[in-house]
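This report refers to the structure that appears directly beneath it.
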Ligand SMILES: [Zn+2]
């Protein structure tokens with residue numbers, strides 16, 4: 001993939017790049033910053049709260065996320081965050097801790113237009129990642145932010161919500177999914 005970052009476009013299911021395991025990032029250069037910038041643009045154009053690099057056709061371990069704050073949802077005393085306060089890029093992210101409690105949330109995905117389904121995931125996670133300069137950081141997330149981080153991390157391993165959604169949601173989306181597959 002040698003497209004310049006501004007040529008990157010949203011990739012839809014069933015493009016094979018969405019099923020590949022993405023490669024770790026080792027060069028924190030202008031190209032990486034350009035790709036992340038373009039990913040933020042695509043996420044905004046599509047009204048999303050997260051986008052993983054494979055969704056822009058680039059198989060590298062990067063995602064961006066921009067979860068707005070909800071009124072009344074303040075960061076917990078234990079440092080758990082529910083919003084990002086603007087777009088953040090996560091490079092080489094890893095989940096180092098997950099809550100035992102799991103909750104179900106109806107999720108959508110920009111690469112799966114019109115498909116929504118209930119996905120059960122841990123309610124809170126702690127993630128470490130690098131920023132665009134290669135500096136490590138850690139974030140403890142709950143609520144929608146925790147769901148978003150897990151959804152985007154799944155993309156880097158080729159995993160989509162259609163793999164994880166409830167049987168009922170899978171049934172409901174059967175026809176839409178078949179149409180997407182046919183292109
Ligand atoms: Zn997605």
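Among the residues of this structure, residue 119 does not count as one that is buried (at least 20 other Cβ atoms within 10 Å of the Cβ), assigned to a loop (DSSP other than H, G, I, E, B) and in contact (Cβ under 8 Å) with a residue 24 or more places away in the chain. Restricting the first member to segment 92-112 and to residues that are on the phi < 0 side of the Ramachandran plot, and the second to residues that are within 13 Å of the ligand (Cβ to nearest atom) and assigned to a strand (DSSP E or B), the beta-carbon pairs closer than 6 Å and six or more apart or on different chains are 106/116; 107/119; 108/116. In this entry, residue 147 is excluded by the filter for residues that are crowded, with 17+ Cβ neighbours inside 10 Å, within 16 Å of the ligand (Cβ to nearest atom) and farther than 21 Å from residue 82 by Cα. Can you say whether residue 54 is closer than 29 Å to residue 168 by Cα, within 16 Å of the ligand (Cβ to nearest atom), touching a residue at least 60 places away in the same chain (Cβ under 8 Å) and within 15 Å of the chain's Cα centre (by Cα), as far as the supplied structure shows? For residue 54, the condition - closer than 29 Å to residue 168 by Cα, within 16 Å of the ligand (Cβ to nearest atom), touching a residue at least 60 places away in the same chain (Cβ under 8 Å) and within 15 Å of the chain's Cα centre (by Cα) - is met.
When each of 101, 169 is tested for being within 15 Å of the ligand (Cβ to nearest atom) and over 17 Å from the mean Cα position of the chain (by Cα), the lone residue that passes is 169.
Where a number appears in this text, it was derived from the coordinates with a stated rule and is not lab data. This one's a predicted model, so the numbers in the text were calculated from it and none came from an experiment. Reconstructed Cβ throughout: ideal geometry from the backbone, glycine too, with neighbour counts over all protein chains shown.
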